[in-house]
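The values are calculated or read from the model by the stated rules, or taken from the named source; none is laboratory data. As the structure is a prediction and not an experimental result, all values here were calculated from the model. With ideal geometry, Cβ positions are generated from the backbone for all residues, glycine too; neighbour counts draw on all protein chains shown. These area figures cover heavy atoms from the full protein model, side chains too; ligands, DNA and RNA do not enter into them. Shrake-Rupley method; radii C 1.70, N 1.55, O 1.52, S 1.80 Å.
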Amino acid sequence: MTETSWDVVIIGAGASGLMCAATAGYQGKKVLLLDHAPKAAAKIRISGGGKCNFTNLEVRPANFICSNPHFVKSALSRYPSSAFIELVERHGLEYEQRELGKLFCKARASDLIQILRTECDWAGVTVQVNTGIQGVTFNESAGFTVLTDSGMVSSAKLVVATGALSFPKLKATGFGYDLAKQFGLKVIKQSPGLVPLVFSGKWHERFAELSGLAMDVCVTAGEKSFKEAVLFTHTSLSGPGILQASNYWQIGEKIEVNLLPDVDVYQSLLDLKQSGGGLTKFLNQYWPKRFTQMWLEVHPLEDIANASNEALKMHAEQITHWALYPEKTAGYDKAEVTLGGIDTDEVSSKTFEAKKQAGLYFIGEVLDVTGQLGGYNFQWAWASGVACGLAL
Ligand SMILES: Cc1cc2nc3c(=O)[nH]c(=O)nc-3n(C[C@H](O)[C@H](O)[C@H](O)COP(=O)(O)OP(=O)(O)OC[C@H]3O[C@@H](n4cnc5c(N)ncnc54)[C@H](O)[C@@H]3O)c2cc1C
C-alpha cells in the first residue's frame, strides 16, 4: 500500500463492502477496500451450503427485522433483486431457483465472489486483505485516518462494512459497533439470529435420538409462523423452520410447532375412530417412524376406538400446537446473522451516512437490519452497498 490518501476507505471486504467499493469506483472515486481476513467475502464462500442463496425473487420490507421497519424501503426499492440478477447474468453466472423464490449459484458460491472482484477491478478499486485495523481518528482538516498493520491511510470518507458477530471463525468482529460508539452513535443490543435452538433435559435427549430426521411442519415464534422444515440434530433443533423462528424467539418463551399443518387433525382422528384404523399407521403416513414412536411415548393415546371425542380433540391440539421451550440458541458460532446493531435512526436511509458524523457511513449487517432466511441478508448487503456507493 504505497498510496496513503484516498477519496474513500472502506473497512470490510464482505458482501456490502465489495458492492459499495465497485459502485463508488465507477463514480470515479479512488477507493481502498481493506479487510483483516486472508480472503475477501468468506461468508459468501460458505453460504447456502457453498452455493450462496444470493437473493430472492420477492423482497419486501416485511422480510426484514429492524427497529424502524421503514428504514429498509429506500435502498431496497432503488436496488431491487432484479438489479442484482441483471448484474450476475451480465457476468454469465449460472444460477437456479429453489423453493420460495430463493436464487442460488448453480456451481459454487466462489463464482459470485469472482464477479464482485471483477467489478471492483473494472472500477479501479484497490483491495487489500490481511490488513488489521488498529484504530480510526477524525479531524476536520485531514478527514479520517485509519491506522492499519501496514501503515496509515487517510480519506475524506470512511465506510464501515465490517458485518456482525456471527461466525467468529470467519473473522467476524464487533469492530463496527465499537467504531459507531466512538463517534457517539447508539447501538442496539445484539443476539444470534437464524440460529438452531438448544434444549435441555429430556427434550435434549429425545431430539438427539431423532438426530438426522427432517419434517415439514409450521413453526411459530411470537407473531410469526414459518411453514418450513425442521431438522433434528445431536445438539439442537435446526432446519429452515427453526432458523426462521429463532429471529422472533426470546429466551423464556415457547415456540409452537404444528406437526401436521396440511391436515385437519381432529377430523382425521374422528374418522380413524369410526373406521377402526390405527393411530401409529395414520401418523406414519406423514412422519418418520422414529418420530411417531417418540410422539406416542410422550403423548400416549391407548385405544382410539374407545377414546372420547374430547380426548381426540386434545390430541389433535397437541399435534397442531406442540409447545416447546428452548433453553437457548446455539450462539454466534452457528448463527447465520446477528440481530440488533447500529441504530438505524443514527444513519440516513438514503446515503447511509451517520447523522452525527459527516463522511462516516455504515452499511450491511452492522446496522440493526436482519433479513429472514431466503437470500434477504445478501440482498440487503447489495442494496445498502449500492445506495451508499452512489452517495460517496
Ligand atoms: C454460514 C452462513 C451462511 C449464510 N448464508 C446466507 C445465504 O445463503 N443468503 C443470505 O442472504 N445470507 C446468508 N448469510 C448472511 C450473510 O452472509 C450476511 O448477512 C452478509 O454477508 C453481510 O454482509 P456484510 O457485508 O454486512 O458483512 P460480511 O459479509 O460479514 O463482511 C464483513 C467483512 O468485514 C471484515 N471485518 C470484520 N471485522 C473487521 C475488522 N476489525 N477489521 C477489518 N475487517 C473486518 C470481515 O473479515 C468480512 O470480510 C449467511 C451467513 C453465514 C454466517
Completion exercise
Taking every DSSP bridge whose two residues both lie in the chain, the antiparallel percent to the nearest 5 is 70
Fill in the blank from the handout: Tilt, helix 15-26 to longest principal axis of the chain (alpha-carbon atoms), in degrees rounded to tens, equals 30
Practice task
Would you calculate, for the chain, the mean residue ellipticity at 222 nm contributed by helices, counting each DSSP H stretch of 4 or more residues as -39,500 (n - 2.57) and dividing by all residues, to the nearest 500?
Solution key: -9500 deg cm²/dmol
Problem - Partners for residue 202 among lysines (Cα-Cα distance below 25 Å; same-chain residues under 8 apart left out) - result: 254, 289, 328, 334
Exercise for the section: Figure the gain on full extension for residue 250 and residue 305 (residue separation times 0.36 nm, minus the Cα-Cα span) and round it to one decimal in nm. Expected result: 15.7 nm
Exercise for the section: Please sort 369-381, 210-222 by packing, taking for each peptide the average over its residues of neighbouring beta carbons within 10 angstrom, highest first. Expected result: 369-381, 210-222
Completion exercise
Checking 75, 305, 21 against a Gaussian network model of the chain (alpha-carbon springs below 10 Å), the top fluctuating residue turns out to be 305
Problem - Residue-span extension gain [residue 186 to residue 85] - 0.36 nm each, minus C-alpha spacing - result: 32.9 nm
Problem - Solvent-accessible area per residue, Å², over segment 197-329 with all protein chains present [probe radius 1.4 Å] - result: 51
Completion exercise
In whole angstrom, the spacing between the Cα centers of segment 1-24 and segment 277-304 equals 58
Practice task
On the protein heavy atoms, probe 1.4 angstrom, tell me the percent of accessible surface of the chain carried by carbon and sulfur.
Solution key: 50
Exercise for the section: Rounded to the nearest Å, what's the spacing between the alpha carbon centres of segment 310-350 and segment 163-196? Just the number, please. Expected result: 19
Completion exercise
Checking segment 166-272 for GluC sites (Glu not before Pro) in a loop per DSSP with at most 16 other beta-carbon atoms within 10 Å yields 223, 253
Completion exercise
Expected field for residue 20, accessible surface area in Å² at 1.4 Å probe radius, rounded to 10, holds 0
Fill in the blank from the handout: Sorted list, accessible surface of protein heavy atoms, 1.4 Å probe, largest first, for 166, 141 is 141, 166
Fill in the blank from the handout: Helix 376-391 sits off the longest principal axis of the Cα atoms of the chain, rounded to the nearest 10 on a 0 to 90 degree scale, by 20
Problem - FRET efficiency, residue 293 to residue 318 (Cβ-Cβ, R0 22 Å, nearest 0.05) - result: 0.90
Practice task
Find the accessible area per residue for segment 1-153; the probe is 1.4 Å, ligands and nucleic acids are left out, and the unit is Å².
Solution key: 45
